[in-house]
1. State all residues of the range 216-257 that are aromatic (Phe, Trp, Tyr) and touching a residue at least 24 places away in the same chain (Cβ under 8 Å); if no residue qualifies, say none.
2. Could you pull out every one of the helices (runs of 4 or more DSSP H) wholly within the range 177-278 that has 3 or more residues that are charged (D, E, K, R)?
3. Tell me which residues, restricted to the range 163-193, are surrounded by fewer than 24 Cβ atoms within 10 Å (Cβ to Cβ), of a type in the set (D, E, K, R) and under 12 Å from the mean Cα position of the chain (by Cα).
4. Looking at the range 106-127, can you tell me whether even one residue there is over 27 Å from His219 (Cα atoms), at pLDDT below 95 and polar (S, T, N, Q)?
5. For the subset of the range 194-215 comprising residues that are more than 19 Å from Ala8 (Cβ to Cβ), without any contact (Cβ under 8 Å) to a residue 40 or more places away in the chain and within 24 Å of the chain's Cα centre (by Cα), which member is surrounded by the fewest Cβ atoms within 10 Å (Cβ to Cβ)?
6. Which of the residues spanning the range 233-256 are farther than 19 Å from Val161 by Cβ and hydrophobic (A, V, I, L, M, F, W, C)?
7. Looking at the range 142-162, which of the residues that are of a type in the set (A, V, I, L, M) and more than 19 Å from the chain's Cα centre (by Cα) is nearest to Ile225 (Cα to Cα)?
8. In the range 185-196, is there at least one residue being over 22 Å from Ala111 (Cβ atoms) and of a type outside the set (Gly, Ala, Ser)?
Amino acid sequence: MSDKTMTADEAVSRLESGMTLGIGGWGSRRKPMALVRALLRTEIADLTVVSYGGPDVGMLAAAGRIRKLIAAFATLDSIPLEPHFRAARERGAFELMEIDEAMFMWGLHAAANRLPFMPVRAGIGSDVMRVNPELRTITSPYADGETFVAMPALRLDAALVHVNRADRQGNGQYLGPDPYFDDLFCEAADTAYVSCERIVDTADLTKEAPPPSLLLKRHVVTGVIEAPGGAHFTSCAPDYARDEAFQKTYATTPWPEFAARFLSGDEQAYQSAVKEAT
């Protein structure tokens, strides 16, 4: 079995402008922020981003890296609407495909199973169909004759996710209360890069939690990045909670000022700047 460890910069060096990029986590919870920050240090742009959106979407939108966003929401949880996403959206900076959370999930399921679409009830009778005129419906071929939304597969060129623990081969473990569909992001992608709080031996993956916590299987993971604090300022329970004070700083600081203060250097510089600010 191969050693898949690499740095965050090595991981993002494999990405290209114009890709469809899936970003795991949920809102302001267990987002792969160290990988997002590494991405922001490149010139990669024109991305189609697929995300249960949080500050990953906000930062990439503020930096002008998104061509199209596919999302069910963009939130910081304790701050209901991601402010930098909102500002970018209000100035028409990118195209948006806004869909129901269940539709989003089934789009990932379809991609993970290499199907062109999945039939879903979500979206029927709502404005989802009006604001997404490219969506189609399908009628059941059986006696019920029910009409469903044909949710297209959300195929990804690459996925970025963050978990609590991983081994060098790419098996990933979450220790918090929710997997946040990170396994589906990896399975829906051609390549998947997983950052983690700590790399451990494979035998140690079941020491902190039982086998059902082994969320990611090595065969769908391309690279593993050890990144302590790599989800900051989002939460990564039980390792750490959301940094609410810093999140407020992010939400209330004009983007150019925030980027210059916190994102002008490498990850170590970011962590040092955060300590100076708190």
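1. Our first condition is that a residue be aromatic (Phe, Trp, Tyr); within the range 216-257, this holds for 233, 240, 246, 250, 255.
Those that are aromatic (Phe, Trp, Tyr) and touching a residue at least 24 places away in the same chain (Cβ under 8 Å): Phe233, Phe246, Tyr250, Trp255.
2. Details: elements: 182-187, 244-252, 255-262, 267-277.
So the answer is 182-187, 267-277.
3. Answer for the range 163-193, where residues must be surrounded by fewer than 24 Cβ atoms within 10 Å (Cβ to Cβ), of a type in the set (D, E, K, R) and under 12 Å from the mean Cα position of the chain (by Cα): just Asp183.
4. Yes.
5. Within the range 194-215, the first condition is being more than 19 Å from Ala8 (Cβ to Cβ), and the residues that meet it are 201-215.
Subset that is without any contact (Cβ under 8 Å) to a residue 40 or more places away in the chain: 201-204, 206-207, 209-212.
Filter again for within 24 Å of the chain's Cα centre (by Cα), leaving 209, 211-212.
Numbers: Ala209: 16, Pro211: 8, Pro212: 10.
Among residues in the range 194-215 that are more than 19 Å from Ala8 (Cβ to Cβ), without any contact (Cβ under 8 Å) to a residue 40 or more places away in the chain and within 24 Å of the chain's Cα centre (by Cα), the one surrounded by the fewest Cβ atoms within 10 Å (Cβ to Cβ) is Pro211.
6. Here is the first cut: in the range 233-256, the ones farther than 19 Å from Val161 by Cβ are 241, 243-256.
Scanning the range 233-256 gives Ala241, Ala245, Phe246, Ala251, Trp255.
7. The first filter runs over the range 142-162 and keeps only residues of a type in the set (A, V, I, L, M), leaving 143, 149-151, 153-154, 156, 158-161.
Adding the requirement that they be more than 19 Å from the chain's Cα centre (by Cα) leaves 143, 149-151.
Numbers: Ala143: 51, Val149: 38, Ala150: 36, Met151: 32 Å.
Among those that are of a type in the set (A, V, I, L, M) and more than 19 Å from the chain's Cα centre (by Cα), it is Met151.
8. Keep residues of the range 185-196 that are over 22 Å from Ala111 (Cβ atoms), which gives 196.
Narrowing further to those that are of a type outside the set (Gly, Ala, Ser): 196.
Within the range 185-196 (the criterion being over 22 Å from Ala111 (Cβ atoms) and of a type outside the set (Gly, Ala, Ser)), the answer is yes, since at least one residue qualifies.
The values are calculated or read from the model by the stated rules, or taken from the named source; none is laboratory data. Note that this is a predicted model, so its numbers are computed, not measured. Positions of Cβ are generated from backbone atoms using ideal geometry, with glycine treated the same way; all protein chains shown enter the neighbour counts.
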